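Single-structure report; data block below.
What follows draws every value from the coordinates through simple rules; no lab data is involved. The model shown is predicted, which means the values in this text are computed figures rather than measured ones. Backbone-built Cβ (ideal geometry, glycine too); neighbour counts: all protein chains shown.
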Amino acid sequence: MKLELKNRVYKLTNNKTPLSCIIPSRNSQRSPLLYFDEDKGYNRALRYSRNQKSCFEDEQDGSAVVEPIIFEDGMLNVPKNNPVLQQFLHYHPLNGKKFVEVDYGKDAQQQVKQLNTQVDALIEAKSLSIEQLENVGRVLFSRDVSTISTDELRRDVLVFANTNPEVFMRTISDPSLKLQSNIQKFFDDRLLGLRNKDRDVHFNLKGNKKRMTTIPFGVDPIEYLADWFKTDDGVEVLQFLEKQLN
């Protein structure tokens with residue numbers, strides 16, 4: 001494969017920025033660098049040498065000089081006059097895993113998308129009514145919103161929308177938002193309680209402390225109860241608890 005002749009920039013994945021990071025530059029038992037060539041039908045060993053015309057060992061002569069490949073501060077600039085290194089990095093097994101080529105156009109597109117989502121989230125957060133604000137606050141923060149002022153709650157919701165716009169947008173578009181808010185209120189008003197390491201949900205009513213249901217391991221209690229209250233067993237219980245709120 002012949003790459004377009006241009007300057008290229010590579011970066012380590014996961015936003016890692018160590019002072020220096022060396023990746024393997026030749027095939028070995030410790031660091032196998034092999035590329036399966038479908039046209040030839042076999043694996044080809046990779047080796048980077050600036051004084052060669054190819055990054056494949058079977059196309060190199062005996063004068064190959066192996067050089068280290070060093071990312072500095074998480075970045076590696078490869079000019080267009082070093083096409084062998086660009087070719088080597090293109091076929092490298094760690095490409096896409098430990099490092100990727102920087103695509104400024106794609107990165108800008110992604111940033112625009114994120115900024116638009118952030119703006120949309122802030123607009124939605126700003127327009128919430130008091131009731132909606134309280135519903136969102138209970139679900140997002142799992143807290144009794146009656147203990148804080150409206151301004152404090154609105155500030156917290158705006159900050160959350162700004163820093164977690166995608167989560168915020170999913171939350172307000174969830175048709176179960178009102179139900180989840182009520183479930184949180186059941187706990188805030190001590191109509192329900194969690195026991196057994198937050199696995200069992202018990203009634204906390206005068207004369208009724210029975211276990212209502214058990215939360216499966218690793219499942220969020222509010223999300224589980226939102227589904228449980230829609231079952232035949234849960235509908236009547238939900239109606240009863242909602243009357244206790246009123």
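Computed quantities for the displayed model
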read-out: Share of Cα-Cα pairs in the range 116-238 lying beyond 24 Å, as whole percent; value: 32 percent
read-out: At 0.890 mPa s and 25 °C, Stokes diffusion of the range 176-246 via Kirkwood alpha-carbon radius, µm² per second; value: 202 µm²/s
read-out: Calculated FRET value between Gln114 and Arg30, using beta carbons and R₀ = 30 Å, to 0.05; value: 0.15
read-out: Cα-based helix-to-principal-axis angle, 232-245 vs the chain, degrees rounded to 10; value: 60 degrees
read-out: Net charge over other residues, Cβ less than 13 angstrom from the Cβ of Asp227 (K, R count +1; D, E count -1); value: -4
read-out: Zero-based 5 Å bins, Cα pair distances in the range 8-102, whole percents; value: 3, 14, 24, 25, 19, 11, 4, 1
read-out: Relative contact order of the chain, pairs being alpha-carbon contacts under 8 Å that are 6 or more residues apart, as %; value: 14 percent
read-out: Burial ranking of peptide ranges 102-111, 28-37 (average Cβ count within 10 Å, highest at the top); value: 28-37, 102-111
read-out: Subset of Lys40/Lys98; Lys178/Lys209; Lys113/Lys230; Lys53/Lys98; Lys185/Lys210; Lys2/Lys97 violating a 29 Å alpha-carbon distance limit; value: Lys113/Lys230
read-out: Dipole moment magnitude, nearest 20 debye, the chain about Cα centre, only Lys, Arg, Asp, Glu C-beta charged; value: 520 debye
read-out: At most 16 other Cβ within 10 Å, DSSP loop - GluC sites (Glu not before Pro), the range 71-141; value: none
read-out: Hull volume in cubic angstrom per residue (convex hull over the Cα atoms of the chain); value: 219 Å³
read-out: Neighbourhood charge, 14 Å Cβ-Cβ cut-off, centred on Ser28 and excluding it, Lys, Arg +1 and Asp, Glu -1; value: +2
read-out: Relative contact order of the range 6-117, defined on C-alpha pairs under 8 angstrom at six or more residues apart (%); value: 37 percent
read-out: Per DSSP, loop trypsin sites (Lys or Arg not before Pro) in the range 210-246 with at most 11 further Cβ within 10 Å; value: Lys210
read-out: D (Stokes-Einstein, µm²/s), Kirkwood Cα radius, the range 103-173, 1.306 mPa s at 10 °C; value: 125 µm²/s
read-out: Other-chain or far-sequence residues with amide H under 5 Å of Arg8's (modelled H); value: Val78, Lys80
